[in-house]
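Single-structure report; data block below.
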Amino acid sequence: RCVWLPSPRSPAEDYQRHFPRIECLNFMRAGSASAFRWDGVEAMLRACVHATEVDLTSETVSPRLVDLILAAPAAGRMKRLDLCEAEVSPELILRLAGGLETLSDLQFPLEFDGGCAFYSSLVQARPSIAKLGLGLSNELDDDALRIICHGLPLERLELHSVANLTHLAVDVILESPCAQTLRWIDLSFTHQIPSADVLRLIRGCPELAELEPPLAELAFPV
């Protein structure tokens with residue numbers, strides 16, 4: 001499913017193309033590698049036709065790389081896109097979301113700042129996203145959260161250390177369709193959300209089975 005071998009170059013260029021049934025394409029750089037060998041990237045994308053995930057963790061994502069991923073035979077199968085710690089523009093995220101037709105699981109970079117216009121475009125580009133990791137210290141506010149919760153059928157939502165949310169964030173979720181679909185939510189280090197509101201969230205989301213509360217010492221049965 002996923003293969004990692006030590007290499008002085010990117011896995012995409014060296015060995016992943018030799019595992020055509022691989023499901024997770026990992027572009028992480030290794031050793032002294034810096035620039036992509038584009039012929040190797042193209043060969044890997046042509047060969048790995050069964051891939052359902054793209055991991056761009058810690059990468060600098062260029063328009064050329066996005067073009068190649070979207071043109072790959074497996075692009076129509078891709079369900080998960082991981083951009084954790086990646087350097088990527090909002091425009092390229094929207095291109096990937098719009099072009100990967102079966103995308104349902106999206107992980108944002110750390111400290112991502114998109115704004116309401118970005119999240120409105122994301123909802124329009126890929127309204128089937130059900131698992132959304134907003135990344136550590138996302139700049140999301142209550143208005144952007146409202147756009148997400150009213151526009152996406154979320155089952156998993158990561159709001160880890162999202163400082164711009166207020167105590168009204170729980171009301172935003174409970175007043176949205178997501179209240180009926182959420183199964184897992186991470187509120188770690190969102191200290192502005194009091195425990196009483198976390199309890200209201202638990203009681204108002206009938207499918208909720210897993211919760212990471214705002215404070216490590218809090219523990220609620222779900």
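The values are calculated or read from the model by the stated rules, or taken from the named source; none is laboratory data. Not measured: the values here are computed from a predicted model. So basically every Cβ, Gly included, is an ideal-geometry build from the backbone, and we count neighbours across all protein chains shown. We work out accessible area using only protein heavy atoms, side chains counted, and drop any ligands, DNA or RNA first. Shrake-Rupley method; radii C 1.70, N 1.55, O 1.52, S 1.80 Å.
Each of Cys2 and Arg21 was given a label point 7 Å from its Cα along the Cα-to-Cβ line. The distance between the two points is 1.9 nm. Normalising the average separation of contacting C-alpha pairs (under 8 angstrom, six or more residues apart) by the number of residues puts the relative contact order of segment 13-104 at 29 percent. Per residue, the chain exposes an accessible area of 45 Å² to a 1.4 Å probe, with every protein chain left in place.
Peptides 10-16, 202-208 ranked from most to least packed give 10-16, 202-208, packing being the mean of other C-beta atoms within 10 angstrom over each peptide's residues. The slack in the chain from Asp141 to Arg77, taken as 0.36 nm per residue of separation less the alpha-carbon distance, amounts to 19.8 nm.
At an R0 of 22 angstrom, the distance between the Cβ atoms of Asp171 and Glu91 translates into a FRET efficiency of 0.10.
Computed from label points 7 Å out along Cα-Cβ, the spacing between Met28 and Ala43 is 2.3 nm.
Quarter the surface of the alpha carbon convex hull of the chain and you get the mean projected area, 12.0 square nanometres. Across segment 96-151, C-alpha contacts under 8 Å between residues 6 or more apart give a mean separation that, scaled by the residue count, equals a relative contact order of 46 percent.
Length gained on full extension, Cys84 to Asp113: 9.1 nm, using 0.36 nm per residue less the C-alpha separation.
Using a probe of 1.4 angstrom, how much of the accessible area of the chain is carbon and sulfur, in percent? On the chain, the fraction of accessible area on carbon and sulfur atoms equals 52 percent. Distance between the modelled labels on Arg200 and Ala35, one decimal in nanometres: 5.7 nm (7 Å Cα→Cβ projection).
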